[in-house]
Amino acid sequence: MSRPTAAVVLALLAMAAACLALAPLVLPDSYEVLRQPVTRAGAQGVPGAWLARTGYVLLGLAVLVEAARAGEAWGPVGRAAHAVYATAMVCLAVFSASPWYGGPGDTVEASLHTWAATVAVGAFFVGVLGVRIQRGRRPGRIAVLDVVALAGAPVLALAAETMPGGAGVTERLIFVIGFTWYGVEAVRLSHPDAPGRVREI
């Protein structure tokens, strides 16, 4: 991955993170950051939900670009799984959750949103695992980040389901792990000596 491409990925990630972080500021006052998941910030018929949906799309685009330019550094499984994750993120913007305050909503759309969120978590796990295997026995901080991502994503996703009162916190931690992992990978892949780096003209 060339440095300009990495810069594009990092810019998209930064804009996506800003959208998701600022989304609660444009939502109704009944939205509670600690209790309500990030995915509810883009709920159906909610004023200001466009900002969170924009964040999902920007994140999806960032990961699609990264997966397309990762080359052998991610391997075929890693690239494919992260492309699925990116597609699922865009689907989260297209198919929105039901409003948290019990307003009218399309149950079919809400089900598709839940399905996309589940696929995203699973694809992220498989993608990171695929990249971890592709790296081989390389020690260091990058391996620690892989382990944190592999352990944190499923554990936090389970916690969000079993402890709905703190879903806002647990789901945001999942996003933090994801943004960090993709950001670090973009920087790593931009180094000239990165294994499997795609040479761009």
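The values are calculated or read from the model by the stated rules, or taken from the named source; none is laboratory data. Values in this document were obtained by computation on a predicted structure and should not be read as measured data. In this analysis, Cβ positions are derived from the backbone assuming ideal geometry, glycine residues included, and neighbour counts consider all displayed protein chains. For accessibility, only protein heavy atoms count, side chains too; no ligands or nucleic acids. Shrake-Rupley method; radii C 1.70, N 1.55, O 1.52, S 1.80 Å.
Brief remarks on what is shown
- Residue ID - nearest to HIS82 (Cα to Cα), chosen from residues in region 153-171 that are at pLDDT 80 or above and in contact with a helix residue (DSSP H, G or I) (Cβ under 6 Å, 6 or more places away or on another chain): GLU171
- Every condition in (1) modelled with pLDDT under 75; (2) more than 19 Å from the chain's Cα centre (by Cα) holds for ILE133 except the one numbered (1).
- Pairing each residue of region 64-88 that is under 15 Å from GLY178 (Cβ atoms) and touching a residue at least 24 places away in the same chain (Cβ under 8 Å) with any residue that is open to solvent by less than 60 Å² (accessible area, probe 1.4 Å) and among the aromatic types (Phe, Trp, Tyr), provided the two are 6+ apart or on different chains, yields C-beta distances under 6 Å for TYR85/PHE124.
- If you go through region 40-52 and keep only what is open to solvent by 70 Å² or more (accessible area, probe 1.4 Å) and under 11 Å from VAL94 (Cα atoms), you end up with just TRP50.
- Qualifying position, being over 24 Å from THR114 (Cα atoms) and among the β-branched types (Val, Ile, Thr), among VAL46, VAL26, VAL8: VAL8
- Residue that is farthest from ALA70 (Cα to Cα) [pool: residues in region 1-29 that are of a type outside the set (A, V, I, L, M) and open to solvent by 60 Å² or more (accessible area, probe 1.4 Å)]: ASP29
- From ALA17, ALA21, residue being touching a residue at least 24 places away in the same chain (Cβ under 8 Å) and either under 30 Å from ARG188 (Cα atoms) or not hydrophobic (A, V, I, L, M, F, W, C) (or both): ALA17
- Applying the set (1) over 22 Å from SER190 (Cβ atoms); (2) without any contact (Cβ under 8 Å) to a residue 60 or more places away in the chain to GLN36 leaves exactly one unmet item: (2).
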